[in-house]
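Peer 1: Below is a structure I'd like to ask you about.
The values are calculated or read from the model by the stated rules, or taken from the named source; none is laboratory data. Since the structure is predicted, the reported quantities are computational estimates derived from the model, not experimental observations. Every residue, glycine as well, gets a Cβ built from its backbone with ideal geometry; the counts of neighbours run over all protein chains shown.
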Amino acid sequence: MDSAEITKATIEFAVKHGLGKSPELKYLYNAITFSPKHERYKGLMGVFAVQMREDRLKVQTFTGRLLLKINPKATERCEEAIFRLLPHWDVSAEEVVFYLREQFGKENMLTAINNLRAGQLSDSDFAQLDTVVHWLGCCER
C-alpha cells in the first residue's frame, strides 16, 4: 500500500469498525506493516490532515493507537509533524501526541512548539498547541 491507500483504508476501517477489536483488524495491520516503511508514517499521519465532519475523534483515536502499535519512524521534523496536526486534529485524540513524544522526545516537542508559537498562527492553532503541551505532561511513560 502507498501512503494514500493507507490513509484511506485506515479511515474506512475506523468508520466501519470503530475502536473495538475486530477480526478484520489483523488484515489492516498486516497491510500497513507489509507496506514500504517510508509509506507507513506518511499514510497514518495523513489521516490527521483529512477534514472530517463525522467520526473524526473515532478515526483519529484509532489511528493514534495504530501509530503507537506500529511505531513507524517519523519522516519529517518534529515541528512539521506538530504543525500538520493543527488544522484538523481533535484534541481528545491524545494518542497521536504520545506517539510523537516517543518519536521526538518531550523536550524536542516543547522546543518545536515554542518555535511554532513564534510564527503566524491563529487563536485556534495556539489553543491546539496548548493542548499538545497538556498531553505531553500527561501519562508519562
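Peer 1: Which pairs have Cβ atoms under 7 Å, sit 6 or more apart or on different chains, and link a residue in the range 11-33 that is free of Cβ contacts under 8 Å to residues at least 24 places away in the same chain to one that is assigned to a loop (DSSP other than H, G, I, E, B)?
Peer 2: HIS17/GLU24
Peer 1: Given the conditions (1) of a type outside the set (S, T, N, Q); (2) part of a helix (DSSP H, G or I); (3) surrounded by 13 or more Cβ atoms within 10 Å (Cβ to Cβ), report the number of the one that MET1 does not fulfil.
Peer 2: (2)
Peer 1: Considering only the range 18-29, state which residues are at pLDDT 90 or above and farther than 12 Å from ILE6 by Cβ. Spell out how you get there, then give the answer.
Peer 2: Step one: of the range 18-29, the residues at pLDDT 90 or above are 25-29.
Answer for the range 18-29, where residues must be at pLDDT 90 or above and farther than 12 Å from ILE6 by Cβ: LEU25, LYS26, TYR27.
Peer 1: Here is a further query. Residue under question is ASN115, and the condition is that it be polar (S, T, N, Q) and more than 25 Å from SER3 (Cα to Cα); does it hold?
Peer 2: yes
Peer 1: Here's another thing I want to ask about it. Filter the range 69-114 for residues that are more than 13 Å from VAL132 (Cβ to Cβ) and assigned to a helix (DSSP H, G or I) and give the result.
Peer 2: Across the range 69-114, the qualifying residues are LYS69, ILE70, GLU80, GLU102, GLN103, GLU107.
Peer 1: Next question, about the same structure. Within the range 4-41, restricting attention to residues that are of a type in the set (D, E, K, R) and surrounded by fewer than 17 Cβ atoms within 10 Å (Cβ to Cβ), which residue is nearest to the chain's Cα centre (by Cα)? Working first, answer last.
Peer 2: Residues of the range 4-41 of a type in the set (D, E, K, R): 5, 8, 12, 16, 21, 24, 26, 37, 39-40.
Checking the rest, the ones that are also surrounded by fewer than 17 Cβ atoms within 10 Å (Cβ to Cβ) come to 5, 8, 12, 16, 21, 24, 26, 37.
On the way: GLU5: 16, LYS8: 14, GLU12: 16, LYS16: 19, LYS21: 19, GLU24: 21, LYS26: 20, LYS37: 16 Å.
Among those residues, the one meeting the criterion is LYS8.
Peer 1: Please find, within the range 67-89, the residue that is surrounded by the fewest Cβ atoms within 10 Å (Cβ to Cβ) out of those that are among the hydrophobic types (A, V, I, L, M, F, W, C) and under 17 Å from ILE11 (Cα atoms).
Peer 2: Selected residue: LEU68.
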